[in-house]
Structures are given as structure tokens and as C-alpha cells.
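Working notes, beginning with the structure itself.
The values are calculated or read from the model by the stated rules, or taken from the named source; none is laboratory data. Treat the numbers as computed from the prediction; the structure is a model and nothing was measured. Every residue, glycine among them, receives a Cβ derived from its backbone with ideal geometry; neighbour counts consider all protein chains shown.
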Amino acid sequence: MILSDQDIKKIAHLARIDVSDEQVTALRPELGKILTMIEHMDSVDTQNVAPLSHPIEANQRLRLDEVTEINQRDTFQKIAPNADHGLYFVPLVIE
Amino acid sequence: MHNHTIATLRKMLDAKEISSVELTQHYLKRIHQYQSSLNAFITICDETAIAQAVEADQRIHQGNAQALTGIPLAQKDIFCTKGIKTSCGSKMLDNFIAPYESTVTEKFLQAGAVMLGKTNMDEFAMGSSNETSFYGAVKNPWDLSTVPGGSSGGSSAAVAAQLAPASTGTDTGGSIRQPAALTGICGIKPTYGAVSRYGMIAFASSLDQAGPMGKTAEDLAIVLNTMAGFDPKDSTSIERPKTDYTAQLNQPLKGLRIGVPKAFFTEQLDSNIAAVIQTALRLYESQGATIHDISLPHNDVATAAYYVIAPAECSSNLSRFDGVRYGYRCANPKNLLDLYQRSRSEGLGMEVKRRIMMGTYALSSNVYEACYLKAQKIRCLIRQDFLDAFETVDVIMGPTSPTTAFKIGERSKDPIAMYLSDMYTIAVNLAGLPGASIPAGFVNNMPVGLQIIGNYFDEARILNVAHQYQQLTDWHLQTPAAFK
């Protein structure tokens with residue numbers, strides 16, 4: 001299966017990745033080859049097979065409803081690219 | 001000094017024949033000496049390592065030493081280490097000083113182990129050659145023109161070149177076993193859920209598992225004893241009684257039932273590697289083990305299913321890198337979308353972006369069923385294949401990798417060729433089983449790994465089977481001439 005340039009640009013946008021036209025040209029055969037490999041799955045009959053999302057079928061563990069995390073806002077914001085006064089700064093969203 | 005195993009170093013430290021500070025200084029010196037030729041480390045922790053060694057020596061003098069107290073280790077740069085750069089091999093995290101400690105590294109700190117540094121790796125653990133690292137390729141100590149495998153290539157090269165007695169790796173599709181095989185060392189990927197993933201930067205959460213890499217199976221058991229165990233901070237951690245992975249090491253091999261899948265011996269396997277594996281199997285037979293042909297009928301579609309599931313999970317996990325809260329941010333973003341898109345495009349390498357896009361596609365509404373759901377169904381069949389096999393055998397053996405270490409640059413332009421390096425390891429991750437690789441010989445002077453796969457939580461048996469082999473062979477004692 002081959003994706004069109006338009007498909008690739010749409011996927012890139014959904015993934016919030018900027019791709020140049022040059023990259024799209026390079027990605028088309030690469031993703032095409034990967035998709036061809038993936039199509040190999042079609043050779044397997046999976047009717048009546050339940051999908052397995054997790055290798056060990058364990059139930060989600062519950063814990064007591066207790067506060068276990070302390071507020072570490074300052075620590076976490078110290079490593080932010082642009083944060084001040086407890087706020088993360090991004091370009092203007094609403095005029 | 002650097003020829004010793006952890007088991008021997010422990011005795012030397014306890015007998016005060018050597019101090020942890022001396023040992024740490026010796027390894028740090030070697031790391032610096034070979035950094036330019038191997039590029040095995042991203043961060044070398046000179047100061048903190050010596051401080052940890054001083055503290056370890058005090059513990060040893062007070063008689064409070066545990067198995068790893070004073071033992072220097074190298075940690076894959078995927079584990080968050082508080083106050084120390086944690087890059088995951090990516091430009092995105094080049095400036096990231098982790099604000100918290102991963103459970104794995106916390107356990108090593110508690111045990112008094114010394115952290116020599118953070119090892120190089122494929123970017124976000126996506127690769128089989130260590131060539132996707134933002135910090136450049138790592139070289140294989142056996143032949144500097146070849147790759148050390150990946151993604152834990154810095155960790156494998158560090159142990160093979162004796163820059164650390166042991167290291168940690170993580171394995172999503174073979175990233176501990178394949179580099180161990182390509183560099184002639186030992187490595188084990190434990191059962192999914194045996195080692196905490198807390199603070200281990202996520203690639204594909206239902207597949208990722210951390211494990212030790214070292215010189216011998218015994219050393220793997222010693223390190224795994226500290227690494228493994230239930231962690232309430234990881235919701236996929238399995239709660240079960242603590243295992244002593246060293247307890248079964250000396251059990252004899254007599255009566256061991258070894259399954260050998262025909263699916264692992266196809267035309268893609270280098271025939272010289274096949275011969276090495278057959279020789280290893282004959283040795284097991286001579287010790288009273290029995291060999292049984294087994295069938296893993298869905299192994300040939302494992303790679304296809306993996307390259308749907310792993311990218312799907314990666315596309316979700318890596319959405320957190322948005323240039324807002326930490327990590328790389330592009331210069332002068334025009335608007336919020338531009339901030340997201342350019343931060344990600346400039347901060348992530350091509351292989352990572354390819355996998356994010358592949359995963360985004362696999363999860364998109366029009367192909368979700370045919371792609372993602374189909375892969376999960378195949379995953380179910382793959383697990384069932386193994387469960388059926390373990391009805392009649394105790395362990396499964398075969399090659400770890402279809403070839404020995406390949407040349408740097410040889411496969412980096414062809415994603416499919418690269419993906420196929422993991423054709424014997426991937427199914428084990430999809431099933432969540434434990435698997436190890438140990439050195440079993442050489443082809444054209446390059447190391448070959450024997451893969452040993454066990455049933456769920458049967459790591460102690462895998463290590464027993466590996467340890468017994470190492471009592472009869474000396475492949476694991478071979479070291480590359482330039483790093484003696």
C-alpha cells in the first residue's frame with residue numbers, strides 16, 4: 001500500500017510534526033515499505049481471536065484514595081523552557 | 001581489575017582487597033580513555049560516582065554491605081536520574097535534568113551501587129544499531145566499524161569493552177538481547193511487569209521492560225535481584241513474592257527439556273550462526289538435556305504486528321514532548337501550533353518521527369481495525385504459540401540475531417532491513433515473556449548470541465540454564481583485544 005503525499009501531510013499534521021516537501025518525498029517509499037511489511041498480517045486468519053492489549057492479563061490495581069503526591073510545581077517548572085509565576089508561557093492563543 | 005565479575009568484585013570489596021573508590025576511579029579512567037573511540041556514554045558522572053563510592057566504602061567498613069554496595073554500574077540514559085541529565089538519546093531532552101528518580105536507579109542507590117554514567121542509546125530506544133542517537137553512533141568494541149546493536153548499544157559496548165562490570169538496558173523488541181549478542185555479553189529481558197517502569201522513559205508501554213547486561217549469567221542474577229520487584233508506582237508492576245534469581249544457578253541440566261523452533265532457522269539466518277547454535281544445543285544434550293522441535297507458527301508475522309503496536313504506543317507516549325513543560329522548544333514560535341510542530345520536528349530525529357507517524361496512521365479511524373486491532377489479535381496468537389510450547393518444554397532456544405554485528409551505515413538507510421535484526425526477539429516482547437542472550441561462539445571473529453526464552457517469571461531457570469553453560473564454555477570470558 002502506498003500513501004499519497006496528501007495522506008502523509010495529514011498524518012504529520014495529526015502527529016504535530018512539520019514535514020517539508022522533500023521529507024514527504026523521502027517518507028513515501030519508506031512508509032510504503034513498512035506498510036507492505038505490515039500487510040503480511042493479512043495472511044493470518046484472526047476471526048474469533050480476541051485482541052490482546054497487555055501481555056499479562058492482570059486487573060487494574062486499585063489503591064486507597066490517599067494523597068501521595070506533594071506539590072512540586074516550582075521543581076517541575078524550573079526545567080520548563082518558559083515558565084514564570086507558576087505559569088507556562090506559550091504564544092497567544094486567544095486574541 | 002576490570003576483568004572481574006561482580007561476584008568476584010564483591011568478595012574483593014568485602015575482604016578489603018580493594019576499595020570502591022579505587023574500583024570506581026579505575027573504571028572512570030577507562031571510560032574517559034575510550035570515550036572518543038567508542039562513544040558509549042552520554043554523561044560521565046565523575047563527581048557523583050566518587051561520592052557514592054566513598055559512601056559505599058563506609059557501608060562496607062560498617063559491615064552493612066549489600067550485594068551491589070560499592071559496585072560500579074553504567075545506567076542506560078533512559079532512566080530518570082534526579083539532578084543528572086537524562087536525554088534518552090534525543091535532542092528533545094538534551095537539556096533535561098530529571099526532577100525525580102526512576103525506581104530502578106533508586107533501588108541501585110539504596111543498595112549502595114555506584115553510577116559511573118549514563119550510556120548512549122538509540123533515540124527514545126527506537127533502533128537496533130545505536131545509530132539513531134542524537135549523540136552519534138556507538139562503536140562495537142570487537143570491530144569499530146560495526147554497530148554494537150541497539151537500542152541499549154552504549155550499555156552493551158561499555159560491558160564488552162570492560163568500562164563497567166555491568167549495565168542496565170531496556171528491551172521493547174530486543175534492545176537488551178540483540179546488543180548483548182552483537183557485543184558478546186549477557187543480557188536478560190525479564191517478564192513484563194517484573195521490573196518497575198516508573199521513571200523509565202516510555203517507548204511502547206505494553207512491551208518495554210528493563211533488565212541487566214553483564215559478563216556472566218551469575219552477574220545478571222545478582223543485578224536483577226536488586227532491580228526487580230513490585231512497585232506500587234508502576235500500575236503494570238506485578239505483585240508477587242520476591243524471587244532470589246541466584247538460588248537455582250547450580251541446578252544440574254539433566255532432564256531439561258529444550259524447545260527449538262523451526263521458525264528460527266530459516267534462510268534469513270546466517271548459516272554459520274546456525275552452526276554455532278547447533279553446537280551449543282549439542283553441549284546441552286551432552287549434559288542430559290533433551291531437544292524437542294517446537295512450532296511457533298505465527299513468528300513470521302511478529303515483526304509486522306510489532307511495527308503496528310510499538311509505533312501506535314510510541315505515537316501516544318511521545319505526544320508529551322510538546323515544547324511546553326520541559327525539553328526542547330523551537331525559537332520564535334509564530335503560534336501554538338507552530339510551537340508544537342517545530343519543537344517536535346526540530347527536537348526529534350527521523351526514525352522517531354517515522355514511527356510516530358506510522359503509529360498515528362495505525363490508530364487513525366479508517367484503518368484502526370485492519371491495522372491496530374489486527375495486530376493485537378495476532379499478538380494473542382503469538383502468546384498462545386508460546387503457551388502451547390511451554391506445555392512440553394522448559395525453555396526455548398535459538399539464535400538471538402540473524403547476523404553478527406553489521407557495518408555502521410549498512411542498514412541505516414533501509415528501515416525494513418534494520419527492523420529484521422530483531423526477528424527472533426520481537427515475539428518474546430509481544431508475549432511478555434522473559435528472554436536472555438548469552439555468548440555462544442564467534443563467526444569471523446564476531447560474537448554470536450544464544451537466545452534462551454523462558455515461561456512467565458521463570459528468569460531464575462533461564463539464568464540457571466545459562467550459568468550451567470558458562471561452567472562448560474569460555475565464550476563469555478572472551479574480550480576484544482583492544483580493550484583487555
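Condition check ((1) in the same structural domain as B:S133 (by TED's automatic domain parsing); (2) touching a Ser or Thr at 6+ places or on another chain (Cβ under 6 Å); (3) without any contact (Cβ under 8 Å) to a residue 12 or more places away in the chain) across all residues:
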site	(1), (2), (3)
B:I396	yes, no, no
B:T400	yes, yes, no
B:A427	yes, no, no
B:I438	yes, no, no
B:Y469	yes, no, no
B:D474	yes, no, yes
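Looking only at region A:11-30, how many residues end up being surrounded by 14 or more Cβ atoms within 10 Å (Cβ to Cβ) and more than 9 Å from chain B (Cβ to nearest Cβ)?
Residues that pass the stated criteria total 2.
Check region A:59-75 and report whether any residue there is among the basic types (K, R), within 7 Å of chain B (Cβ to nearest Cβ) and crowded, with 17+ Cβ neighbours inside 10 Å.
Looking for residues that are among the basic types (K, R), within 7 Å of chain B (Cβ to nearest Cβ) and crowded, with 17+ Cβ neighbours inside 10 Å, one finds none in region A:59-75, hence no.
Name every residue in region A:41-57 that is at the interface with another protein chain (Cβ under 9 Å from one of its Cβ atoms) and either surrounded by 14 or more Cβ atoms within 10 Å (Cβ to Cβ) or at positive phi (or both), in order of residue number.
Within region A:41-57, A:M41, A:V44, A:T46, A:V49, A:P51, A:L52, A:S53, A:H54, A:P55, A:I56 qualify.
A:I38 passes all but one of (1) more than 8 Å from chain B (Cβ to nearest Cβ); (2) touching a helix residue (DSSP H, G or I) at 6+ places or on another chain (Cβ under 9 Å); (3) surrounded by 14 or more Cβ atoms within 10 Å (Cβ to Cβ); which number fails?
(1)
What are the pairs, 6+ residues apart or on separate chains, where a residue within region B:152-163 that is assigned to a helix (DSSP H, G or I) has its Cβ under 9 Å from a residue that is acidic (D, E) and surrounded by 24 or more Cβ atoms within 10 Å (Cβ to Cβ)?
What qualifies is B:G153/B:D122; B:G154/B:D77.
Take B:K353 and decide whether it is within 23 Å of B:I201 (Cα to Cα) and free of Cβ contacts under 8 Å to residues at least 12 places away in the same chain.
yes
In region B:319-341, which residue that is within 9 Å of chain A (Cβ to nearest Cβ) and in a helix (DSSP H, G or I) is nearest to B:I378 (Cα to Cα)?
Result: B:S319.
For B:D143, work out the one condition from (1) surrounded by 24 or more Cβ atoms within 10 Å (Cβ to Cβ); (2) over 18 Å from B:T170 (Cα atoms) it doesn't fulfil.
Every condition holds for B:D143 apart from (1).
Give region B:252-271 a look and list any residue that's surrounded by fewer than 16 Cβ atoms within 10 Å (Cβ to Cβ) and either modelled with pLDDT of 95 or more or among the basic types (K, R) (or both), or say none.
If the condition is that a residue be surrounded by fewer than 16 Cβ atoms within 10 Å (Cβ to Cβ) and either modelled with pLDDT of 95 or more or among the basic types (K, R) (or both), then B:P252, B:K254, B:G255, B:R257, B:K262, B:S271 are the ones that fit.
Of all residues in region B:402-427, count the ones that are in a loop (DSSP other than H, G, I, E, B), away from chain A (no Cβ under 14 Å) and over 20 Å from the mean Cα position of the chain (by Cα).
The total comes to 2.
Yes/no per residue for (1) within 20 Å of B:T400 (Cα to Cα); (2) more than 23 Å from the chain's Cα centre (by Cα); (3) not assigned by TED's automatic domain parsing to the domain that holds B:A204:
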residue	(1), (2), (3)
B:Y245	no, no, no
B:Q251	no, yes, no
B:H292	yes, yes, yes
B:E313	no, no, yes
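In the set B:K377, B:K353, which member is over 24 Å from the mean Cα position of the chain (by Cα), surrounded by 17 or more Cβ atoms within 10 Å (Cβ to Cβ) and within 7 Å of another protein chain (Cβ to nearest Cβ)?
From the options B:K377, B:K353, the qualifying one is B:K377.
Tally time: how many residues in region B:400-435 are among the small types (G, A, S), closer than 16 Å to B:Q451 by Cα and out of contact with any Pro (no Cβ under 8 Å at 6 or more places or on another chain)?
3
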